[in-house]
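The values are calculated or read from the model by the stated rules, or taken from the named source; none is laboratory data. What you see is a predicted model, and the numbers here were worked out from it, not measured in a lab. Please note: Cβ atoms are built from the backbone with ideal geometry, for glycine as well, and neighbour counts cover all protein chains shown.
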Amino acid sequence: MDVLARAHRLETAGRRVIHMEIGEPDFTAPPPVVEAAMRALRDGRSAYTPTLGLPELRQAIAGDYRRRFGVRVADSRIAVTAGASGGLLLLLALYVDPGDEMLVPDPGYPGYRHMVRAFEGMARPLPLSARTNFQPTLEMVRAAWRPRTRGLILGSPSNPTGTLIAAAELERIARFVSERRGVLIVDEIYQGLVYGDRPASALGLPGEVAVVNSFSKYFCMTGWRLGWVALPDSARMRELEKLAQHLFICAPSVAQHAALACFSDETLAILEGRRREFQRRRDFLVPALERAGFSVPAKPSGAFYVYAGCPGPRPDGRRFALGLLDREGVAATPGLDFGAHGTRGFVRFAYTRDLAELEAAAARLQRYCGGLRPRAAAPLPAARGARARPGPWPRTARSARRTPRRTSAAPSRSRRSAAGTRAGSGRRPRY
Ligand code: PLP
């Protein structure tokens, strides 16, 4: 992930960067959760837990489905995992054999394809566009399904687009996948962060539907490494338990004890306030981007991302993002990080900054995009004034202006997908 590495280099050189490339809430864990964690530490509750998680946490998760989504799920179907990442790995270990093909959304969360490959499966991109709200349809899945296809992964709300799949379409897909004896993995990590629409869950749909979720995003606990999976029935849980035992032993125990406080009325009220704040930010950012010349062909209804087409003819999102970072100190993620289908001209903005920072970012975006327009059309006085300003973006480090050299010797096919874990950045990508 060139942009993140470069942003950190710029910061080291003394520039302040507005980080809109990071898929991580700017809120920390709610205070009742922090207090519960401290209590757990003081009481020495740091030993291994049962592999599938604390029974009371599994019950609390099941209870939350009942309360918030009206879905009845037995706690025996729920396994607590090390984040959604741990959950996805376990599900893929469970379902994917070497040579199996999994359909993955393109654009979509890059982790899916890497994880499928980790189990010697083949991740086949399902090309998505704004025409279907960047979500798969039954027709697409049917057309893409081949004898070696084992299943489909989809995210709703999606990263990077923030779009949701319609409940009826999801059900039609679930029925089709079930007829083909396949598995449908639905990543609901952004489920609580939905604006306008009522959040729904794929739990309860017919067939082999497995759901992944996490405490990372809605509960603002990214580094606590806690998530869960819900299996279609309890029958496969023993297999999953064995895998989890060997791969992870258990999810972090202090985090599990703390997470029991996630479902209290007090915590849920705090989280609801944060959800509304994210909605305010989205409502500010989408029109601000459009005013600056971006297109937002599918309006995001969830998560904290805007997937925006860069201004201009045949835009290059990667060049755009690097230029934006160098010139204006605003970091965004190039669409290419999320796949190959029509992603080149896009960038993803995360509204994981407060409104004041988003306003500052919007002003800089406006100025940067103005500077990209043909000279005659550019608002020259404003652009000149902005450049001449001593301002917070002194163009200090000469090196910051240089195009980064590739440091990886990896073959070109893996270059893009390996970006971000490449040696040299010293940081993990945070999508
Ligand atoms: N799924 C999606 C769509 C994500 O965006 C992320 C992280 O950004 C993950 C899964 C992994 O999340 P975690 O392992 O922190 O729960």
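A single entry from GLY192, GLY204, GLY273, GLY293 fulfils the requirement of being within 15 Å of the ligand (Cβ to nearest atom) and not aliphatic (A, V, I, L, M): GLY192.
Which one is nearest to the ligand (Cβ to nearest atom) among residues in segment 225-235 that are surrounded by fewer than 23 Cβ atoms within 10 Å (Cβ to Cβ) and not aliphatic (A, V, I, L, M)? The selected residue is ARG225. Taken over segment 322-339, the residue count meeting the criterion of being in a helix (DSSP H, G or I) and within 21 Å of ALA303 (Cα to Cα) is 4. Residues in segment 157-189 that are within 16 Å of the ligand (Cβ to nearest atom) and in a loop (DSSP other than H, G, I, E, B): PRO157, SER158, ASN159, PRO160, THR161, GLY162, THR163, LEU164, ILE165, GLU188, ILE189.
Selection of first residues in segment 282-311 that are in contact (Cβ under 8 Å) with a residue 12 or more places away in the chain and of second residues that are among the charged types (D, E, K, R) and within 16 Å of the ligand (Cβ to nearest atom), restricted to Cβ pairs under 7 Å at least 6 apart or on distinct chains, gives the following pairs, ordered by first then second residue: TYR305/ARG348; TYR307/ARG348. For segment 107-146, enumerate the residues that are within 18 Å of GLU169 (Cβ to Cβ) and of a type in the set (Phe, Trp, Tyr). Selection gives PHE134, TRP145. Out of (1) in contact with a Ser or Thr (Cβ under 6 Å, 6 or more places away or on another chain); (2) farther than 19 Å from SER178 by Cα, what's the single condition that is false for GLU101? Every condition holds for GLU101 apart from (2).
ARG238 satisfies every condition listed in (1) out of contact with any helix residue (DSSP H, G or I) (no Cβ under 7 Å at 6 or more places or on another chain); (2) farther than 23 Å from LEU184 by Cα; (3) more than 16 Å from the ligand (Cβ to nearest atom) except (2).
Among the residues making up segment 296-339, those that are on the phi > 0 side of the Ramachandran plot and away from the ligand (no atom under 16 Å from the Cβ) are GLY312, ARG314, GLY329.
Determine whether segment 243-250 contains at least one residue that is closer than 20 Å to ILE78 by Cα, within 16 Å of the ligand (Cβ to nearest atom), surrounded by 20 or more Cβ atoms within 10 Å (Cβ to Cβ) and among the aromatic types (Phe, Trp, Tyr). No, segment 243-250 contains no residue that is closer than 20 Å to ILE78 by Cα, within 16 Å of the ligand (Cβ to nearest atom), surrounded by 20 or more Cβ atoms within 10 Å (Cβ to Cβ) and among the aromatic types (Phe, Trp, Tyr). For segment 70-98, a residue qualifies if it is outside any helix (DSSP H, G or I) and either of a type in the set (Ser, Thr, Tyr) or more than 8 Å from the ligand (Cβ to nearest atom) (or both), and the qualifying residues are GLY70, VAL71, ARG72, VAL73, ALA74, ILE78, ALA79, VAL80, THR81, VAL96, ASP97, PRO98. Give segment 340-356 a look and list any residue that's within 11 Å of PHE284 (Cβ to Cβ) and outside any loop (DSSP other than H, G, I, E, B), or say none. Correct list: LEU355, ALA356. Would you confirm whether any residue within segment 214-224 is modelled with pLDDT of 95 or more, of a type in the set (Phe, Trp, Tyr) and more than 15 Å from the ligand (Cβ to nearest atom)? Looking for residues that are modelled with pLDDT of 95 or more, of a type in the set (Phe, Trp, Tyr) and more than 15 Å from the ligand (Cβ to nearest atom), one finds none in segment 214-224, hence no.
Candidates PRO199, PRO206, PRO127: the one that is surrounded by fewer than 21 Cβ atoms within 10 Å (Cβ to Cβ) and under 30 Å from ALA36 (Cβ atoms) is PRO199. What about THR149, is it among the β-branched types (Val, Ile, Thr) and free of Cβ contacts under 8 Å to residues at least 40 places away in the same chain? No. Of all residues in segment 76-105, those satisfying the criterion of being surrounded by fewer than 23 Cβ atoms within 10 Å (Cβ to Cβ) and either among the acidic types (Asp, Glu) or more than 26 Å from MET221 (Cβ to Cβ) (or both) are TYR95, ASP97, PRO98, GLY99, ASP100, GLU101. The single condition among (1) part of a helix (DSSP H, G or I); (2) in the same structural domain as ARG367 (by TED's automatic domain parsing) that MET237 does not satisfy is (2).
Counting the residues of segment 10-41 that are at pLDDT below 95 and surrounded by fewer than 16 Cβ atoms within 10 Å (Cβ to Cβ) gives 5.
For first residues located in segment 217-228 and in contact (Cβ under 8 Å) with a residue 24 or more places away in the chain, partners that are among the basic types (Lys, Arg) and near the ligand (Cβ under 8 Å from one of its atoms) and lie 6+ apart or on another chain with Cβ distances below 8 Å form the pairs THR222/ARG430.
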